[in-house]
Amino acid sequence: MIQVALPDGSKRSFEGPLSIAQVAAVIGPGLAKAALAAKVDGKLVDTSFLIDQDVELSILTAKDPEGLEVIRHSTAHLLAYAVKELFPEAQVTIGPVIENGFYYDFSYKRPFTQEDLTLIEHKMSELAKKDEPVIRRVLPRDEAIAYFKSIGELYKAEIITSIPADQEVSLYSEGSFTDLCRGPHVPSTGKLKVFKLMKVAGAYWRGDSNNEMLTRIYGTAWASKEEQAAYLTMLEEAEKRDHRRLGRELDLFHTQEEAPGLVFWHPKGWAIWQQVEQYMRKVYENNGYMEVKAPQILDRSLWEKTGHWQNYRENMFTTASENRDYAVKPMNCPGHIQIYKSALRSYRDLPLRYGEFGQCHRNEPSGALHGIMRVRGFTQDDGHIFCSEDQILEECVAFTSLLQKVYRDFGFSNILYKVATRPQNRIGSDEIWDKAEHALMESLRRSGCEFLISPADGAFYGPKIEYTLKDAIGRQWQCGTMQVDFFMPERLGAEYVAQDNTHRTPVMLHRAIVGSLERFIGMLVENYSGAMPAWLAAEQVMVCSISEGAAQYAENVAQTLKKQGFRVNADLRGEKITYKIREHSLQKVPYILVVGEKEAAASTVAVRGRGNRELGVMQLEGFAELLRKEIENKA
C-alpha cells in the first residue's frame, strides 16, 4: 500500500502507483478540476507525476501562489506556441515567470509591434480554447540537442549544450509546439483563461550586448478576470503617479544622458529633500545617534580587508592616483569603523550609534536605472551601532519601534517584515550566523511582528531584516534594513575594553530607515501622486492677488507667513484669478490664499484647500494656526 499524507494531516492509502491527477479525482471532482500541479515531498511536479511510494502531497490550484506561478509559466509557453503559429520563422529562446506575469524572448527578422501583440493574444485565446493536453517527455541531452536543431530552434540547442552530457532534459508539448522546460505546467491549455500581452521591448541574447538583439514580449496572467482587472487598474494608476512624469510636471528634478544614474535636483525638489533630511536628522538627535561624515574615496587595501573588493568589485567605481588604487564608497560602514577606531573605546561607551547622510556610488547596469528610484549616486540615512553581543536584541527591538514611527509620519502604516538569511557566498562560521539570524528573528517576535524568511538573501557579511512598505495603490517598496555583522569590525581591527580589561570586538549593526533618500522621495511622490502633505510640500501656500490693488497686501501676507517659518510664494501677475487658481492647483499646492481689495481692507484671506476645498474667509492668524497644527500632526 502507498500512503499519501495530505496538508490537513489526513492520509490516503492506495493499492498501486497512481498519478496526482488520479489522487485529486479520489479526493473530489472539484479538486480534480482545479488541480494545476503539486508538491511531492516539497518538490514541484506536474499532475501527471506518478506516485509509487509513500509521500507528502500538496495539490496546487489557482488559489495557491505557486499555482499562480504555474499558470504564468504555462502562459509563457502558450505565447511561444502562438508566435510559432503566426510567425513560423521566429525562434524561441527563454520565457521565465516574473512578478505579476511573464515574458518570452524571440529571434525574428524584424521586431514585433504592438499590432502584432493583438494578433498573438487572439491566437493564444484560440489555442487555449482547444484545451490541448500539455505532455511531458524526457530525452538524453544529445538527443534533445539534435531534436531542436532539426526543427530550426538553434537557441534551444545552444541552451542545452551547457547541460552535462550524461544528463537528461525534459520537454513539454502542446499541440504542434514543443519547448524545453523543467516544468511543471498546467495539465492542458484550457486552464489558461485570463491573460493579456502588455508590451514589447528589446533584449540581448543572454544579456550580452555583443549578442543579437531579440524581441521580448511581456504579458500578465491571473487566476480570475477580477484579479487581472484590479492589476490593470493599478497599472493605470501607477502610470498617473510615475515619479518621472511628476518630477517634470511639478519641476522637482530631472536626469539626463550626460550624468547617467545621477539626479539634478530643482529648487522645489530640493525643498522636499530638505524636509526629509531634516526630519531624519531630528530622528538621529532624539535617539542617541551622533552624526558623522566619512570620506567619499578610500584606498583599495581597506576594501580588500572588508571583503568588498573580492565580493563586490564589479559594482564599485574605482580611480587611481600616484600608483595607488581607490574606490568611491558604495556604502558607509568601513568609514564609520575608522571613526570608531580613532579612539580607545570602553564597554561603557556601548552602544555607540553613528549616523550619516552618506553619499554612495554603485556601478549599476544602465538597463537597471529608473528615474530616481534606481540610480548610481544616492544618499542614505545610514547608521551603524557598535554594541556588545548581549545588546543586539535590545537595539534591534528599539530600532523596529523607531522605524515604525518614522513610516507612520510619512504616511505608511502597512509594513512587511522579512529576514534574509545566510547566502552561499559568505564569510564566517555557521555558529556566528546562527547567533545573528536568531537575534534578528527574536527581535521581530518581541516587537510583535509577523515575518517571512527569505532564504540565502542576506549579505555576504551578515543576515538582515528587510522592512517593506505598501503604498496607496498596494505596491511594495523595500526600504529599511537592519543587519547584524560580526565580521567587518574584526576584519578592520575595531575593539573595546571589556569590563574584565580584555580587548573584544564589537558587533556592528548596519541600519537604515528610509534607505536611499532619492528612492524614498520617488516613493513619496508616487504614493501621494505628487500632492505632498503640507509638512513635506515644497510650497505650502500660494497667495494669489485678484487685482493690482491687492498686490501689496498679497505680498505682505506672504512675507508674514514666511517669517513664521512657512514655505510661501505670492502670485502677483495680472492674470485672471481663475487662471492662477487652476495653475497652482495643477502644481498641487496644499493651500491657495485668494486676496482682493475686500480681504485687504478686512485683513483676511479666502482659503482654498487642495482638491477644490473652499474653506472660507479667515483671519490670517487663524489660517496660520490651522496650517501649523496640520504640519505638527503630519496630517
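Things worth noting here:
- Count of segment 572-585 residues, restricted to those that are surrounded by 15 or more Cβ atoms within 10 Å (Cβ to Cβ) and either without any contact (Cβ under 8 Å) to a residue 24 or more places away in the chain or under 19 Å from residue 615 (Cβ atoms) (or both), is 6.
- Selected residue (criterion: surrounded by the fewest Cβ atoms within 10 Å (Cβ to Cβ)) from residues of segment 591-616 that are free of Cβ contacts under 8 Å to residues at least 40 places away in the same chain and in contact with an Asp or Glu (Cβ under 7 Å, 6 or more places away or on another chain): 606
- Residue identified as at pLDDT 95 or above and of a type in the set (Phe, Trp, Tyr) among 312, 289: 289
- Scanning segment 351-371 for residues that are more than 21 Å from residue 305 (Cβ to Cβ), in contact with a Phe, Trp or Tyr (Cβ under 6 Å, 6 or more places away or on another chain) and open to solvent by less than 30 Å² (accessible area, probe 1.4 Å) yields one hit, 355.
- Checking each residue in segment 106-115 for being over 30 Å from the mean Cα position of the chain (by Cα) and either open to solvent by 80 Å² or more (accessible area, probe 1.4 Å) or free of Cβ contacts under 8 Å to residues at least 24 places away in the same chain (or both) picks out 109, 110, 115.
- Cross-chain or 6+ apart pairs with Cβ under 9 Å, segment 317-333 first and loosely packed, with under 10 Cβ neighbours inside 10 Å, then hydroxyl-bearing (Ser, Thr, Tyr): 320/326
- Selection of segment 485-503 for residues being crowded, with 16+ Cβ neighbours inside 10 Å and at pLDDT 95 or above yields 494, 495, 496.
- Any hit, segment 81-93, residues being within 29 Å of the chain's Cα centre (by Cα) and open to solvent by 40 Å² or more (accessible area, probe 1.4 Å): no
- Which listed residue is in contact (Cβ under 8 Å) with a residue 12 or more places away in the chain and small (Gly, Ala, Ser), from 170, 150, 162: 170
- For segment 146-158, a tally of residues being crowded, with 18+ Cβ neighbours inside 10 Å, part of a helix (DSSP H, G or I) and under 38 Å from the mean Cα position of the chain (by Cα) returns 4.
- In the set (1) at pLDDT 95 or above; (2) open to solvent by less than 50 Å² (accessible area, probe 1.4 Å); (3) out of contact with any Cys (no Cβ under 8 Å at 6 or more places or on another chain); (4) not small (Gly, Ala, Ser), residue 118 fails one condition alone, (2).
- Those strands (runs of 3 or more DSSP E) lying entirely in segment 413-477 with at least 2 residues closer than 30 Å to residue 526 by Cβ, open to solvent by less than 20 Å² (accessible area, probe 1.4 Å) and touching a residue at least 60 places away in the same chain (Cβ under 8 Å): 464-470
- Taking the numbered list (1) part of a helix (DSSP H, G or I); (2) surrounded by fewer than 18 Cβ atoms within 10 Å (Cβ to Cβ); (3) in contact with a strand residue (DSSP E or B) (Cβ under 8 Å, 6 or more places away or on another chain); (4) in contact (Cβ under 8 Å) with a residue 24 or more places away in the chain in turn, residue 569 passes all entries but (1).
- Considering residues of segment 214-257 that are crowded, with 20+ Cβ neighbours inside 10 Å and among the β-branched types (Val, Ile, Thr) only, the residue farthest from the chain's Cα centre (by Cα): 215
- Check on residue 103, under 18 Å from residue 177 (Cα atoms), in contact (Cβ under 8 Å) with a residue 24 or more places away in the chain, touching a Pro at 6+ places or on another chain (Cβ under 8 Å) and not in a loop (DSSP other than H, G, I, E, B): yes
- Segment 191-248, residues that are polar (S, T, N, Q) and either more than 20 Å from residue 75 (Cα to Cα) or in a loop (DSSP other than H, G, I, E, B) (or both): 209, 210, 211, 224, 233
- Taking segment 192-205 as the range and being out of contact with any Ser or Thr (no Cβ under 7 Å at 6 or more places or on another chain) and under 21 Å from residue 227 (Cβ atoms) as the test, the residues that pass are 193, 197, 199.
- Taking segment 538-559 as the range and being open to solvent by less than 20 Å² (accessible area, probe 1.4 Å) and among the hydroxyl-bearing types (Ser, Thr, Tyr) as the test, only 545 passes.
- With respect to the conditions (1) touching a helix residue (DSSP H, G or I) at 6+ places or on another chain (Cβ under 6 Å); (2) at pLDDT below 95, residue 511 lacks only one, and its number is (2).
- Of all residues making up segment 121-145, the number that are open to solvent by 50 Å² or more (accessible area, probe 1.4 Å) and of a type in the set (A, V, I, L, M, F, W, C): 2
- Residue identified as open to solvent by 60 Å² or more (accessible area, probe 1.4 Å), modelled with pLDDT of 95 or more and among the charged types (D, E, K, R) among 588, 562: 562
- Listed by position, the strands (runs of 3 or more DSSP E) enclosed by segment 1-69 that each have at least 2 residues that are open to solvent by 30 Å² or more (accessible area, probe 1.4 Å) and within 25 Å of residue 192 (Cβ to Cβ) are 43-45.
- Members of segment 282-299 that are more than 13 Å from residue 402 (Cα to Cα), without any contact (Cβ under 8 Å) to a residue 60 or more places away in the chain and touching a strand residue (DSSP E or B) at 6+ places or on another chain (Cβ under 9 Å): 297, 298, 299
- Figure legend. Inter-residue proximity from segment 117-130: first residues within 16 Å of residue 219 (Cα to Cα), second residues open to solvent by 50 Å² or more (accessible area, probe 1.4 Å) and part of a helix (DSSP H, G or I), beta-carbon distance below 7 Å, spacing 6+ or different chains. Indicated pairs: 119/86; 120/86; 123/85; 123/86.
The values are calculated or read from the model by the stated rules, or taken from the named source; none is laboratory data. None of these values were measured; they are calculated from a predicted model. Ideal geometry is used to build each Cβ from the backbone, glycine not excepted, and the neighbour counts take in all protein chains shown. Side chains are part of the model used for accessible areas, which takes the heavy atoms of the whole protein and leaves out ligands, DNA and RNA. Shrake-Rupley method; radii C 1.70, N 1.55, O 1.52, S 1.80 Å.
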